[in-house]
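Novice: Right, I'll just put the structure down here and ask away after.
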Amino acid sequence: TNVNIKMVENGFANYYFYSGKDKYSNDLMDAWKICIDNKINLCEPSKDVCSQCIVFEDNKIKNSCNFSCNITSWQVRGEGREKFIFSEQVLSPGSSSRFALDLTNTGGTLFLRDDEGKLVEWKAG
């Protein structure tokens, strides 16, 4: 049994390819999809109404809601330890907010989490 795959599948870890993809990469990505389907632990979706309409656009997030969204303490994380925390901020409808992460040595996958750490969106690199 590959413990890393089980950890990802059960939502105790994100997949991370620090030295590029290897023979377990596809299994780890499949495990993440299982976690997303099961909505457990790190894959538990946000209950915040804004989570339904905040989306990634390159190096920013955009509010596609028709109402303002408070994203204070929301976080964008890369695969590794990189993270960006939005300070006191409200996004009006149609507006966006930039974030800065160094994704040079990662696969570029991003995870957006609300102020309770629940998953809002993720984007594979």
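Novice: Loop-only check: which GluC sites (Glu not before Pro) in region 36-125 are DSSP coil with at most 15 other Cβ within 10 angstrom?
Specialist: Filter output for region 36-125: Glu88, Glu116.
Novice: Measure nothing fancy, just the Cα-based angle from helix 25-38's long axis to the longest principal axis of the chain, in degrees from 0 to 90, nearest 10.
Specialist: 50 degrees
Novice: Can you compute the charge dipole magnitude of the chain about its Cα centre, using +1 on each Lys and Arg Cβ and -1 on each Asp and Glu Cβ, nothing else charged? Give it in debye, rounded to the nearest 20.
Specialist: Details: 15 positive and 17 negative charges, 18 e Å.
In debye, rounded to 20, the chain gives about 80.
Novice: With n ≥ 4 as the cut-off for DSSP H runs, can you work out [θ] at 222 nm for the chain, using -39500 (n - 2.57) per run divided by the number of residues, rounded to the nearest 500?
Specialist: When only DSSP H runs of four or more count, the value is -5000 deg cm²/dmol.
Novice: Sort 109-115, 93-99 by the packing proxy (mean of other Cβ within 10 Å over each peptide's residues), most packed first.
Specialist: Numbers: 109-115: 20.1, 93-99: 13.7.
Averaged packing, sorted descending, gives the order 109-115, 93-99.
Novice: Using the crude model of +1 on Lys and Arg Cβ and -1 on Asp and Glu Cβ, and no other charge, please compute the dipole size for region 48-99 relative to its Cα centre, in debye to 20.
Specialist: With only Lys, Arg, Asp and Glu charged at Cβ, the dipole is about 80 debye.
Novice: Still on this structure: The list [x] 0.99; [y] 1.28; [z] 1.18 gives values of Rg/Rh (Cα atoms, Kirkwood Rh), and only one came from this structure; which label was calculated from it?
Specialist: [x]
Novice: Another one. Over the chain, average the accessible area per residue using a 1.4 Å probe and give it in Å², no decimals.
Specialist: On the way: 7280 Å² over 125 residues.
Result: 58 Å² of accessible area for each residue.
The values are calculated or read from the model by the stated rules, or taken from the named source; none is laboratory data. These figures come from a predicted structure and were not determined experimentally. Ideal geometry is used to build each Cβ from the backbone, glycine not excepted, and the neighbour counts take in all protein chains shown. Please note that ligands, DNA and RNA were not included when accessible areas were found on the heavy atoms of the full protein model with its side chains. Shrake-Rupley method; radii C 1.70, N 1.55, O 1.52, S 1.80 Å.
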